[in-house]
């Protein structure tokens with residue numbers, strides 16, 4: 001990462017316009033500090049202090065910052081600037097918006113690492129949408145191309161997080177300030193849709209749909225953030241915490257983690273977990289989401305009977321809306337998103353409009369996905385998928401080829417016994433506030449539990465049995481005033497049938 005030479009001025013070149021005093025610095029820092037500031041200003045006489053109020057000059061009048069009480073002739077020249085913030089600074093100057101700079105003196109210069117709106121307007125100008133717009137912009141620009149986790153000043157978090165681009169003014173200003181950080185396809189799409197949203201030659205319905213689509217798309221951070229290193233030991237701890245045994249399955253998950261650590265990118269193939277009901281497929285998927293620290297969403301394929309539920313409906317309809325996939329991006333406000341696709345084998349053709357599962361092919365190929373409402377090919381390189389299924393034969397070959405398949409075996413009786421005593425029952429007792437010495441299950445009682453569910457697959461039934469037994473014990477202790485409840489084989493069979 002480059003380090004600024006604060007006291008040097010940029011060399012004059014023919015490419016620099018007369019009014020442009022600064023050189024652009026290309027850095028991907030996820031935050032600013034004294035060594036890697038947003039910009040460097042000239043500071044004769046140490047006039048600029050830690051907090052300095054004023055406004056940037058309009059680019060037509062020069063490139064500098066004028067403090068309250070100063071004239072344009074006394075403005076402090078911008079010497080260096082992070083290239084990501086150039087359009088934002090120009091916009092602040094053109095809009096005559098008062099700001100407060102936070103920074104530090106370094107030699108004869110002043111390094112700026114924070115810019116905030118002061119709430120004071122000049123000549124009637126004001127920030128777009130709401131007061132959080134500038135902090136929203138700062139956060140987005142730091143995220144664009146940042147190689148490390150974004151650090152946001154605690155004073156700015158509320159305004160930045162609550163800000164939404166909804167009005168045409170805030171959308172326009174966002175495109176002017178940060179349009180260059182968007183993928184090319186989305187930037188061109190946004191310009192076209194903004195023209196429709198402002199046009200008087202289209203119907204109000206078309207303008208409404210265009211503005212809604214813009215709001216959805218521009219509130220999503222489309223620049224993928226590279227993955228930081230994942231601790232394999234922590235990943236193993238999370239997997240062990242969520243499910244017992246299945247060491248071969250955990251090993252495959254950990255191999256995927258190591259691959260991400262080496263490449264800092266997601267694997268080309270998602271994971272398809274296949275096994276009997278109740279074997280922990282969904283628990284594994286959620287555990288992987290915890291490990292990756294990604295925003296995640298679920299698609300329940302058993303409840304999706306029409307491809308349009310995934311792809312959205314065309315804007316020609318007054319009640320048109322985006323599909324579930326696009327809504328997931330909008331809710332996450334990020335293009336880095338983990339899709340947990342449950343019961344992939346239960347997707348059906350429904351009304352005869354096609355198989356919803358086939359819609360997933362473009363999402364899984366990382367070649368981009370097009371929603372019928374949004375009408376833009378959106379990048380999917382930050383998407384990762386984990387699917388679950390019971391019956392492998394019910395999944396089409398094209399879909400199967402997009403996944404690394406992991407088959408989960410059913411649990412043995414001994415494994416079910418261990419899960420019941422070491423995981424299921426302690427978890428229930430802790431949740432309902434029952435002490436371990438208030439309930440005892442004898443050895444033959446435990447044998448009875450396992451025998452009752454001997455022919456069922458997975459562990460869901462024995463987990464529900466633990467719930468039933470604990471609830472019954474709590475009732476007898478509270479209502480019958482028993483100090484302790486003991487369950488033998490006879491009691492277990494009477495209770496569980």
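Considering each residue of segment 389-426, count those that are free of Cβ contacts under 8 Å to residues at least 12 places away in the same chain and over 19 Å from residue 344 (Cα atoms), and give that number.
Selection size over segment 389-426: 3.
Please go through segment 195-229 and pick out each residue that is free of Cβ contacts under 8 Å to residues at least 60 places away in the same chain, outside any helix (DSSP H, G or I) and surrounded by fewer than 14 Cβ atoms within 10 Å (Cβ to Cβ).
199, 200, 201, 203, 229
Residues are listed down the side, and each one gets a yes or a no for (1) in contact (Cβ under 8 Å) with a residue 12 or more places away in the chain; (2) under 45 Å from the mean Cα position of the chain (by Cα); (3) under 17 Å from residue 414 (Cβ atoms); (4) exposed (fewer than 15 other Cβ atoms within 10 Å of the Cβ):
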position: 450; (1), (2), (3), (4): yes, yes, yes, no
position: 454; (1), (2), (3), (4): yes, yes, yes, yes
position: 467; (1), (2), (3), (4): yes, yes, no, no
position: 489; (1), (2), (3), (4): yes, no, no, no
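Here's the yes/no breakdown for (1) over 25 Å from residue 459 (Cβ atoms); (2) assigned by TED's automatic domain parsing to the domain that holds residue 243; (3) out of contact with any strand residue (DSSP E or B) (no Cβ under 8 Å at 6 or more places or on another chain):
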{"site": "313", "(1), (2), (3)": "yes, yes, yes"}
{"site": "316", "(1), (2), (3)": "yes, yes, yes"}
{"site": "331", "(1), (2), (3)": "yes, yes, no"}
{"site": "344", "(1), (2), (3)": "no, yes, no"}
{"site": "370", "(1), (2), (3)": "yes, yes, no"}
{"site": "381", "(1), (2), (3)": "yes, yes, yes"}
{"site": "387", "(1), (2), (3)": "no, yes, no"}
{"site": "394", "(1), (2), (3)": "no, yes, yes"}
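Collect the residues in segment 354-371 that are in contact with a helix residue (DSSP H, G or I) (Cβ under 8 Å, 6 or more places away or on another chain) and in a loop (DSSP other than H, G, I, E, B), keeping them in residue-number order.
Result: 368, 371.
Within segment 75-97, identify whether any single residue is surrounded by fewer than 18 Cβ atoms within 10 Å (Cβ to Cβ), part of a loop (DSSP other than H, G, I, E, B) and out of contact with any strand residue (DSSP E or B) (no Cβ under 8 Å at 6 or more places or on another chain), and answer yes or no.
No, there is no match, as no residue in segment 75-97 is surrounded by fewer than 18 Cβ atoms within 10 Å (Cβ to Cβ), part of a loop (DSSP other than H, G, I, E, B) and out of contact with any strand residue (DSSP E or B) (no Cβ under 8 Å at 6 or more places or on another chain).
Which members of segment 34-67 meet the condition of being within 19 Å of residue 95 (Cβ to Cβ), touching a strand residue (DSSP E or B) at 6+ places or on another chain (Cβ under 6 Å) and not in a strand (DSSP E or B)?
If the condition is that a residue be within 19 Å of residue 95 (Cβ to Cβ), touching a strand residue (DSSP E or B) at 6+ places or on another chain (Cβ under 6 Å) and not in a strand (DSSP E or B), then 38, 57, 63 are the ones that fit.
Which residues, taken from segment 372-398, are in contact with a helix residue (DSSP H, G or I) (Cβ under 8 Å, 6 or more places away or on another chain) and part of a loop (DSSP other than H, G, I, E, B)?
372, 373, 374, 375, 376, 379, 380, 390, 391, 395, 396
The values are calculated or read from the model by the stated rules, or taken from the named source; none is laboratory data. If you're wondering where the values come from, they're calculated on a predicted model, not measured in any experiment. So basically every Cβ, Gly included, is an ideal-geometry build from the backbone, and we count neighbours across all protein chains shown.
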